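Read-outs: derived from the displayed coordinates by stated rules, not from any lab. Keep in mind it's a predicted model, so treat the numbers as computed, not measured. Every residue, glycine among them, receives a Cβ derived from its backbone with ideal geometry; neighbour counts consider all protein chains shown.
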Amino acid sequence: MRHQVAGFKLGRTKDQRIGLRRTMVNQLFQHERIQTTHAKALFIRGEAEKLITLARRSSKATEAEKVHARRLASARLGDAEMVKKLFDEIAPRFETRNGGYTRISKLGPRLGDSAEMVVIELVEE
């Protein structure tokens, strides 16, 4: 029984899950909307929300804290372009919003394997 078992495995090893999360969060920030399975959308939503919150809070921080926040985001994203976009374009849009930066909308089952497909997108402010 799976009582009190938290987290998503997605049929992958730990390294594969880390790579998948990094790639999908980068794609979400780049395109601001991606189509994926419901399980993967739930898997990346928490990471995306935490990164946006980190970027939002750093806007009111000291210079040292701003550098630290960018380095933390860079470690998670691994792409300097996305870190720049996150801090300079995405975070200022959500300055007045306290959480709930993403939306998941169902599309229905995929034809090949009936996996539940969704669109995960950044909420427009």
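Among the residues making up segment 62-81, those that are over 15 Å from the mean Cα position of the chain (by Cα) and either of a type in the set (Phe, Trp, Tyr) or within 12 Å of Asn26 (Cβ to Cβ) (or both) are Ala80, Glu81. Could you tell me whether any residue of segment 113-123 is among the aliphatic types (A, V, I, L, M), touching a Lys or Arg at 6+ places or on another chain (Cβ under 8 Å) and part of a loop (DSSP other than H, G, I, E, B)? Yes - at least one qualifying residue is present in segment 113-123. Residues of segment 84-124 that are without any contact (Cβ under 8 Å) to a residue 40 or more places away in the chain and touching a helix residue (DSSP H, G or I) at 6+ places or on another chain (Cβ under 7 Å): Phe87, Ala91, Glu95. Within segment 54-66, the set of residues being part of a helix (DSSP H, G or I) and out of contact with any helix residue (DSSP H, G or I) (no Cβ under 9 Å at 6 or more places or on another chain) comprises Glu63, Ala64. Filtered by the rule that a residue be buried (at least 17 other Cβ atoms within 10 Å of the Cβ) and of a type in the set (Val, Ile, Thr), segment 1-36 gives Val25, Ile34, Thr36.
Which residues, taken from segment 68-92, are crowded, with 16+ Cβ neighbours inside 10 Å and among the basic types (Lys, Arg)? Across segment 68-92, the qualifying residues are Arg70, Arg76, Lys85. The set of residues in segment 1-29 being part of a helix (DSSP H, G or I) and either within 10 Å of the chain's Cα centre (by Cα) or under 20 Å from Met117 (Cα atoms) (or both) consists of Arg17, Leu20, Arg21, Arg22, Thr23, Met24, Val25, Asn26, Gln27, Leu28, Phe29.
Looking at the structure I just gave you, is Lys40 of a type outside the set (A, V, I, L, M, F, W, C), surrounded by fewer than 20 Cβ atoms within 10 Å (Cβ to Cβ) and more than 20 Å from Glu116 (Cβ to Cβ)?
Working: of a type outside the set (A, V, I, L, M, F, W, C): yes; surrounded by fewer than 20 Cβ atoms within 10 Å (Cβ to Cβ): yes; more than 20 Å from Glu116 (Cβ to Cβ): no.
When the stated conditions are applied, Lys40 does not pass them.
Checking each residue in segment 31-66 for being of a type in the set (Lys, Arg) and under 15 Å from Phe94 (Cβ atoms) picks out Arg45, Lys50, Arg56, Arg57, Lys60.
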